[in-house]
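Below is one structure; the comments refer to it alone.
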Amino acid sequence: MENQPQHDEIHVISDIHMGGSPGFQILKETTRLAGFIGWVAVQRPDQSVALVLNGDIIDTLAEDALQGYIAITNAAEIVSRIMTDPSFAVIWQALADFVKRPHRKLVLIVGNHDLELAFPSVQRTITERLAGDDLEARARIEFSTIGAGYTCNVGNATVYCTHGNEVDEWNFTRYEDISKAARRLGAGLGLEPDEWRPNAGTKMVRDVMNEVKRKYRWVDLLKPEMEAAVSVLSVLDASVLAKLGSVAALLTEAKIEKAEADARLSGTLINVARESVANVRVDSLLGRNLLQAIDPSADTSGASADDMLLDAERSLSEPRRQRPASAQGTLGRWQYYIDRIRGVEPEEALRRAVIDWIRDDQSFVVDHPDDTFKQINDVVSPAIDVVITGHTHLARSISRGGGKHYFNTGTWIRLMKFTAAMLDSKNSFEPIYRVLVKGDIEGIDSPPPGVGPILFDRTSAVTISADQQGVTGHLLDVTGNGTTQVQAMGAAEFLKP
């Protein structure tokens, strides 16, 4: 592809999620991240090296000062607070040191948790923090906030970086609406809260997850996020049950977002008629078998989200009826709260919810072709040699065929991982349950003796490098202090002579 930035090497990371007050922060390895940025800064000192922050760099949804779903009046203030937070300051200093070096380029791509990066006031705030009055350093900073991602050439390979939420029905972003908000703010017109329509994922985080997270600080460490969140949240906090109506609305919104997202990367803008998706199927979260377990006489073949939720509510208000044997053994996405209401012990309800969540789970298998890969691969041109996303928090390295490759950079936040042994029985899960219900991050970081590691320590990056032999790509596992313990997960995953 012509007229693209040319680099000798690029390093890509994503999903840092700087934000929230102490105890509410999900980023742990701040020193490691600062060390890694410093390590990138000194690579190939006389050649062009880019560091791409591929979305969800900050997390305004975790900020107490955020009113509503996007920071309209105080975006720069919120970002300033994040940059000066003692937990994150070392990272911003490392970025400042990075852009002061010749032949470096820092690229910040918007994600779905940091939409405010599109606002000029926020871009100025970040630029001033990183570069001050140094014009050369300022020129080394580039923002990509219109949904176009960042496309560049590394050697003779074309590399395309995008956050990945474009194909996520829950977290689809309307970049045209962000541009409208930025224009109005620039003109001094402001924006009323009801003029901003958040996506379903943002509503889920702000209206449901954040409330539970105040007691159970670890809830947004669960991945896959939406599949895990609804069930586990309801087990932990019965008040979530009162929000089921809003969850139904979120599902309807999500289907609308997905229909629009299908055309997003092609550049096509479409509007979907709400009535065309009125009969939303919610099997992806509830499971048809589970609905039959709740009420064996229910017909779910064409029920809408609202109808199915009403049926579930009615069945819960009726005396327990005998379920068929096949239904009794079903552990679907809502079995957790039914069991809780019917008096099953909380430990067992949560164990069942987690078992259902991780069944056939391949979240941490780096070459597993997940949905994000499949959907991105379907819409990105085969002329692109390397596609790099983030968003899912799950590192990936997958061939696209024809000498093309796909990477997902994973995340730098904490990740929880349950094993089959942990969930084997009530006795094996009971010590895990005690840690989870305590709710604090410290217990997750350092569980008591006899409880195996709950966190999966993986902070990852992608590096694409050009030399005389050609272009290589690696999915990197960054460990230790981030400066010397940087190694590839296996052999080179991409090679273009």
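Shown in residue order for segment 90-101 are the 3J(HN,Hα) couplings computed by the Karplus curve 6.51 cos²θ - 1.76 cosθ + 1.60 at θ = phi - 60°: 5, 6, 5, 5, 5, 5, 4, 5, 4, 6, 7, 8 Hz (x for Gly and Pro).
For segment 126-143, the residues whose amide N sits under 20 Å from a probe point set 7 Å from the Cα of K100 along the beta carbon direction are 126-142.
Around the amide H of V471, modelled in the peptide plane, lie the amide H atoms of K496, all under 5 Å away and 5 or more residues distant in sequence or on another chain. Exposure proxy shown here: for T409, T30, the number of other Cβ atoms within 10 Å sets the order, fewest to most, as T30, T409. For T459, the residues whose modelled amide H falls within less than 5 Å of its own, excluding neighbours fewer than 5 places apart on the same chain, are V478.
Taking 0.36 nm per residue of separation and subtracting the Cα-Cα distance, full extension of the segment from S21 to H368 would add 121.4 nm.
A crude spin-label estimate for the pair E128 and L495, with each label 7 Å from Cα along the Cβ direction, gives 5.0 nm. Fully extending the segment from Q47 to A148 would add 33.8 nm, taking 0.36 nm per residue of separation and subtracting the current Cα-Cα distance. Pairs spanning more than 20 Å between alpha-carbon atoms, out of K215/K438; K374/K417; K28/K105; K203/K374; K203/K438; K28/K426: K374/K417; K28/K105; K203/K374; K203/K438; K28/K426.
Once backbone amide H atoms are built at 1.01 Å from N, T158 has D385, V386 as its partners under 5 Å, excluding neighbours fewer than 5 places away on the same chain.
Most tightly packed first, judged by the mean number of other beta-carbon atoms within 10 Å of their residues, the peptides 364-371, 58-65, 142-149, 457-464 read 457-464, 58-65, 142-149, 364-371.
Counting neighbouring beta carbons within 10 Å and listing from fewest to most, the residues S121, S21 come out as S21, S121.
Taking 0.36 nm per residue of separation and subtracting the current Cα-Cα distance, fully stretching the chain between T31 and N156 would add 41.6 nm.
Which FRET efficiency value, to the nearest 0.05, do you get for A65 and D467 by plugging their Cβ-Cβ distance into 1/(1 + (r/R0)^6) with R0 = 41 Å? Between A65 and D467 the formula returns 0.30.
Rounded to the nearest 0.05, what FRET efficiency do A488 and E195 have when you use their Cβ-Cβ distance and R0 = 41 Å? It comes out at approximately 0.30. Backbone phi angles across segment 114-130, fed through the Karplus curve with coefficients 6.51, -1.76 and 1.60 (θ = phi - 60°), yield HN-Hα couplings of 9, 4, 5, 4, 6, 7, x, 5, 6, 4, 5, 4, 5, 4, 5, 5, 7 Hz in residue order; Gly and Pro are listed as x.
Hey, with R₀ at 45 Å, roughly what FRET efficiency would N481 and V379 work out to, going by the Cβ-Cβ distance, to 0.05?
Working from the Cβ atoms, E equals 0.70.
When E166, E348 are sorted by how many other C-beta atoms sit within 10 angstrom of their C-beta, beginning with the fewest, the order is E348, E166.
Each residue of segment 73-81 was assigned a 3J(HN,Hα) from its phi angle through the Karplus curve 6.51 cos²θ - 1.76 cosθ + 1.60 (θ = phi - 60°); the sequence is 9, 9, 4, 5, 5, 5, 5, 4, 4 Hz, with glycine and proline shown as x.
Bear in mind these aren't lab numbers, they're just calculated from the coordinates by the rules spelled out. Remember, it's a predicted structure, so these values are computed and weren't measured experimentally. Positions of Cβ are generated from backbone atoms using ideal geometry, with glycine treated the same way; all protein chains shown enter the neighbour counts.
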